[in-house]
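J.: This is the structure, below, for whatever I ask next.
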Amino acid sequence: QVQLVESGGGLVQAGGSATLACAASGRTSYAMGWFRQAAGKEREFVAAISGSGGNTLYADSVKVRFTISRDNAKNTVYLQMNSLKPEDTAVYYCALSYLGTYYSSNAYVYWGQGTQVTVSS
């Protein structure tokens, strides 16, 4: 059974940066995605990366500001977040997909517990 654990969340000022990490319990080279869920809203897609790391997808709202990457030797996926805005405040989840880099959460079958990111103004 795949287990995913996010880390790196916390409080950051608007305009600042943070890096999230998602560590897998075992060897993982499948597509991985980052999603977020703000209070009172549905979960939304943020970014995804292929198993090889060669292909990436980004939501329009985070394009350029965020960068997804992975280190398969460490079984870890990262989300570097720059120029953070208050509207980026949410619980961030990483997830694994056997299908590829899809926007829909329905394509992901394993999920981490989430890490809170709060951006203050």
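J.: When the accessible area of the chain is split by element with a 1.4 Å probe, what percent falls to carbon and sulfur?
T.: 46
J.: For Q113, put the label point 7 Å out on the Cα→Cβ axis and report which residues of the stretch 61-90 keep their amide N under 18 Å from it.
T.: Residues 77 qualify, since their backbone N sits under 18 Å from the label point.
J.: Show which lysines lie in cross-link reach of K74 when reach means a straight Cα distance below 22 angstrom and same-chain residues fewer than eight apart are skipped.
T.: The qualifying lysines are none; the list is empty.
J.: Could you provide, to the nearest whole Å², the per residue accessible area of the chain with probe 1.4 Å?
T.: For the chain, the per-residue accessible area is 52 Å².
J.: For the stretch 57-107, what does the relative contact order come out to in percent, with C-alpha contacts under 8 Å and a separation of six or more? Please list the in-between numbers first.
T.: Details: 29 pairs, mean separation 14.9, N = 51.
Relative contact order, the stretch 57-107: 29 percent.
J.: Aspartates and glutamates near K63 by alpha-carbon distance under 16 Å, same-chain residues fewer than 8 away left out - which ones?
T.: Partners found: E44, E87, D88.
J.: Give a residue-ordered list of calculated ³J(HN,Hα) values for the stretch 97-107 (Karplus: 6.51 cos²θ - 1.76 cosθ + 1.60, θ = phi - 60°; whole Hz; x for Gly, Pro).
T.: Running phi through 6.51 cos²θ - 1.76 cosθ + 1.60 with θ = phi - 60° gives 10, 7, 8, x, 8, 10, 6, 6, 5, 5, 7 Hz.
J.: Once the piece of chain linking L11 and E44 is laid out straight, how much longer is it, given 0.36 nm per residue of separation minus the C-alpha distance between them?
T.: Using 0.36 nm per residue and subtracting the Cα-Cα distance, I get 9.8 nm.
J.: Report the one residue of V109, A24, G9 whose Cα lies farthest in the direction of the positive end of the charge dipole of the chain (charges on C-beta: Lys and Arg +1, Asp and Glu -1; origin at the Cα centre).
T.: My answer, from the dipole projection, is A24.
The values are calculated or read from the model by the stated rules, or taken from the named source; none is laboratory data. As the structure is a prediction and not an experimental result, all values here were calculated from the model. A quick note on method: Cβ atoms are made from the backbone with ideal geometry, for glycine too, and the neighbour counts reach across all protein chains shown. Areas reflect the complete protein model, heavy atoms only, side chains present, ligands, DNA and RNA absent. Shrake-Rupley method; radii C 1.70, N 1.55, O 1.52, S 1.80 Å.
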